[in-house]
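Structure, as structure tokens:
The values are calculated or read from the model by the stated rules, or taken from the named source; none is laboratory data. Note that the coordinates shown come from a computational prediction; the quantities given were computed from them, not determined experimentally. Reconstructed Cβ throughout: ideal geometry from the backbone, glycine too, with neighbour counts over all protein chains shown.
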């Protein structure tokens, strides 16, 4: 009986076992392949984002260092620098809960 079933469905059984092996047990299975493709897609999006950020930072750097007035403004706002004969007052708003 088993031999008759094997002879009748051997191609289906071999195909099903190969598909099961490739889907679940193989080191390069379909599930891992889909996850890796998703990860590659995410990394490409991050790469594009950081490329655009690099362009923006280079543009800001060019504007900042092209003019001493811009450099002074940046230093005063960002790092709270002041001249020797100045007093510095920092005004902050109280955060609401």
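A few notes on this one:
- Search result, residues across the stretch 67-79 that are over 21 Å from residue 92 (Cα atoms) and loosely packed, with under 10 Cβ neighbours inside 10 Å: 68, 69
- Here residue 16 qualifies as modelled with pLDDT of 85 or more, more than 33 Å from the chain's Cα centre (by Cα) and either assigned to a helix (DSSP H, G or I) or more than 30 Å from residue 6 (Cα to Cα) (or both).
Residues are listed down the side, and each one gets a yes or a no for (1) part of a helix (DSSP H, G or I); (2) in contact with a helix residue (DSSP H, G or I) (Cβ under 7 Å, 6 or more places away or on another chain):
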site	(1), (2)
39	yes, no
65	yes, yes
75	yes, no
85	no, no
89	no, no
93	no, no
